[in-house]
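*Asks:* Please see the structure below; I have some questions.
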Number of protein chains: 2
Amino acid sequence: MPQGNHVLIERLQTDGPLAADEIQALMSIIRPRGQVSRHNDIVLEGTPPDHCTLILSGFACRYKLLPDGGRQIHAFKIPGDVPDLYTFILGFTDHAIGALTSCDVAAISHHDLEQITRMFPKITRALWRESLIDAAIAREWLTGLGRRDAYARVAHLICEQYHRMKAVGLAQKDMLEFPVRQAEIADALGLSTVHVNRTMKTLSRNRLISYRNQSITILNWQALQTAGQFDPAYLHSPDAGSPH
Amino acid sequence: MPQGNHVLIERLQTDGPLAADEIQALMSIIRPRGQVSRHNDIVLEGTPPDHCTLILSGFACRYKLLPDGGRQIHAFKIPGDVPDLYTFILGFTDHAIGALTSCDVAAISHHDLEQITRMFPKITRALWRESLIDAAIAREWLTGLGRRDAYARVAHLICEQYHRMKAVGLAQKDMLEFPVRQAEIADALGLSTVHVNRTMKTLSRNRLISYRNQSITILNWQALQTAGQFDPAYLHSPDAGSPH
DNA sequence: CGCAATATTGACCATCATCAATTGGCGTGG
DNA sequence: CCACGCCAATTGATGATGGTCAATATTGCG
């Protein structure tokens, strides 16, 4: 399983290879920053940040707390993601990033980014691209929350997660480690914990998936994709074809 | 009411003023393209685009059709918006843009954008910023669909729309023209038309708003914001303070 | 072996969808 | 100027999806 920094460098070359000095420059501004343990925030809401955060290993999520105590998770973030990249441009965080498991993270200072994007326009484009894919995923979630029922939402999430984790070497064959509580899935899908549980049980009963501990096995890809109305195009991933 | 191109140029300077030659360059690549009438698509899903579209006047929406016939609207787009800006970087459209009213549009070719962003990094940054604000709005909608009930969703949408339209001169005092059918509001908020109607009636009955034809008057700002859990920060607008 | 966090299940309830009319506004042809 | 027709808004009746509350079972772990 590759470390997040290599994943990032690789991903930034989806559009076209970067030159050696560009890669070198990128590598040089990624500074390992240590570990954040589960349930702690990697990025706080509202603080004016001076750096972005790269996830080297572990699972995180972007979320927002509501006045009434509810929580909406906007995205799951995995190694190679820079969940707060947008702070480089917008200058402040409008939501928090929390660690769902223990996470190794690295910092990329805004100052360094400033330099490097000034010097290498190709890197600017690649980063911009990253942030647009992030937005495309958010729109797909929006579609799900607005117009898909619980069964389809869970199926869709599993498909998406499989694809994204496969791309960073965190899924083998038909199995993915998904160290996320049902309560967290519920907060991502706009459902209650109870209903997520029932829905996953139904998916098991229908033999689309099986799960144990934190790992999910996909038993019937075709059926799962259909149930979730899943089409990987929006992930804009180089290998966006179907895995089967 | 300013035309969309001036709105755009102005908005691109939120972070800092552009130089005269930068503005000149921007102006020069905006080519008026005519009118798209209601219910027609401004941008088709899946076509490889060679230009972006600026809305000069009128109302549009970003949407996606689902296999089961449903529709999810991801965003309402108003004069000054470039709804398909992301195609410049990602190279293809993963959803359609439709005209909700007759729209005057202009085209900005990818080729010209290529030139201008290469020449003026400040413009690149400003455009990147635009696309990030777009994403921030999508996340806020995500929060609403996931965790707010119908009453709060409608209230929130009205607050948001008021702010955005005020910024482009399409709202006066407490009134905004919102030429959107209830069925379209429903598709944006993940509700049924019937329920949108009932909810708006309730908002009227509670004297938070009144509406007639296509225009909405906000009768009680404080209550409306509270009901919608609305905080304009995510709009990243220069005048993001409260309007009252 | 016992605790604490999750997962699971049952019973009951609320929000919101669906189906089906009815009403109202407004442009058009006579 | 008025009748017709269409589209959108409105309202009522009924039902389903998913929420809430409350136990009970598992599982990981010290």
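Just so it is clear, none of the values below were taken in a lab; they were calculated from the coordinates. Note that this is a predicted model, so its numbers are computed, not measured. Using ideal geometry, Cβ is built from the backbone for each residue, glycine included, and neighbour counts are taken over all protein chains shown.
*Asks:* Please build a GNM for chain A, connecting alpha carbons under 10 Å apart, and tell me which residue among A:G169, A:G58, A:G46 fluctuates the most.
*Replies:* Per the Cα network of chain A with a 10 Å cutoff, A:G46 tops the list.
*Asks:* Turning to a different aspect of this structure: So, in nm, how far is label A:D41 from label B:R181 when the simple model puts each one 7 Å beyond its Cα toward the Cβ?
*Replies:* Going from the A:D41 label point to the B:R181 one covers 4.3 nm.
*Asks:* Among A:T101, B:T217, B:T199, which comes first, second and so on when ranked by fewest other beta-carbon atoms within 10 Å?
*Replies:* Listed from fewest to most nearby Cβ atoms, that is B:T217, A:T101, B:T199.
*Asks:* Wrap a convex hull around the Cα atoms of the stretch B:4-140, take a quarter of its surface area, and give that in square nanometres.
*Replies:* 8.0
*Asks:* From the P(r) of the protein assembly as shown, can you give the percent of Cα pairs sitting at distances over 42 Å?
*Replies:* 14
*Asks:* 222 nm [θ] for chain A, helices only, -39500 (n - 2.57) per DSSP H run of 4+, per residue, to 500?
*Replies:* Calculated at 222 nm, the ellipticity per residue is -13500 deg cm²/dmol.
*Asks:* Another one. What gaps in nm, shortest first, separate B:T101 from its twins in the other copies when you place the label 7 Å past Cα toward the beta carbon?
*Replies:* 5.1
*Asks:* Continuing with the same structure: Ignore the peptide's own chain and count Cβ atoms of other chains within 10 Å of each Cβ in A:189-198; give me the average, rounded.
*Replies:* 1
*Asks:* Using the count of nearby Cβ atoms within 10 Å as a rough guide to exposure, how do B:C103, A:C61 rank from fewest to most?
*Replies:* Fewest-to-most Cβ neighbours within 10 Å comes out as A:C61, B:C103.
*Asks:* What shape does the stretch B:149-235 have by the C-alpha gyration tensor, where a ≥ b ≥ c are the square roots of the eigenvalues, rounded means a/c under 1.5, and otherwise prolate means a/b greater than b/c and oblate the rest?
*Replies:* The shape class here is rounded.
*Asks:* About the Cα centre of the stretch A:1-155, what is the dipole size in debye to 20, counting +1 per Lys and Arg Cβ and -1 per Asp and Glu Cβ, all else neutral?
*Replies:* It comes to approximately 380 debye.
*Asks:* In a Gaussian network model over chain A where Cα atoms closer than 10 Å are linked, find which of A:D84, A:D104, A:D21 has the largest mean-square fluctuation.
*Replies:* Most flexible of the set in this elastic network: A:D21.
*Asks:* A further question follows. To the nearest 0.05, what FRET efficiency results for B:R118 and A:Q13 with a Förster distance of 25 Å applied to their C-beta separation? Write down the numbers at each step before the final one.
*Replies:* On the way: r = 19 Å, r/R0 = 0.77.
Efficiency for this residue pair is about 0.85.
*Asks:* Follow-up question, since we're still on this one. If I fit a long axis through the Cα atoms of helix B:20-29 and take the longest principal axis of the Cα atoms of chain B, what angle between them do I get, 0 to 90°, rounded to 10?
*Replies:* Its long axis makes an angle of about 80 degrees.
*Asks:* So if I place +1 on the C-beta of Lys and Arg and -1 on the C-beta of Asp and Glu, and nothing else carries charge, what would the dipole magnitude of the protein assembly as shown be about its Cα centre? I want it in debye, nearest 20.
*Replies:* 1620
*Asks:* I want to verify the translational diffusion coefficient of chain B in µm²/s; compute it with Stokes-Einstein, Rh as the Kirkwood radius over Cα pairs, at 10 °C and 1.306 mPa s.
*Replies:* 85
*Asks:* Can you find, among A:I30, A:T53, A:A20, the residue farthest towards the positive end of the dipole of the stretch A:1-91? Put +1 on the C-beta of Lys and Arg, -1 on that of Asp and Glu.
*Replies:* With unit charges placed on the Cβ atoms, the residue in question is A:T53.
*Asks:* Still on this structure, please answer the following. Can you give me the long-range amide H partners of A:R33? Hydrogens built in the peptide plane at 1.01 Å from N, cutoff under 5 Å, separation of 5 or more residues or another chain.
*Replies:* The list, which skips near neighbours in sequence, is A:V105, A:A106, A:A107.
*Asks:* So who's got an amide H within less than 5 Å of the one on A:K77, skipping anything under 5 residues away but keeping other chains? H placed 1.01 Å off N, in plane.
*Replies:* Under 5 Å from the amide H of A:K77 lie the amide H atoms of A:A60, A:C61, A:R62, each far enough along the sequence or on another chain.
*Asks:* Lysines within cross-link reach of B:K166: Cα-Cα under 22 Å, excluding same-chain residues under 8 positions apart?
*Replies:* By straight Cα distance, B:K166 reaches B:K77.
*Asks:* If the only charges are +1 at each Lys and Arg Cβ and -1 at each Asp and Glu Cβ, what is the size of the charge dipole of the stretch B:149-235 around the Cα centre, to the nearest 20 debye?
*Replies:* 300
*Asks:* Shifting gears a bit: What are the ³J(HN,Hα) couplings of the stretch A:176-185, residue after residue, when phi is run through the Karplus curve with 6.51, -1.76, 1.60 and θ = phi - 60°? Round to Hz, x for glycine and proline.
*Replies:* 9, 7, 9, x, 10, 5, 5, 5, 6, 4
*Asks:* Something else about it: For the stretch A:165-183 and the stretch B:1-48, what is the centre-to-centre distance using only Cα atoms, to the nearest Å?
*Replies:* One Cα centre to the other: 42 Å.
*Asks:* Now, a different point. Which angle between 0 and 90 degrees, to the nearest 10, do you get for helix B:110-119 versus the longest principal axis of chain B when only C-alpha atoms count?
*Replies:* 70
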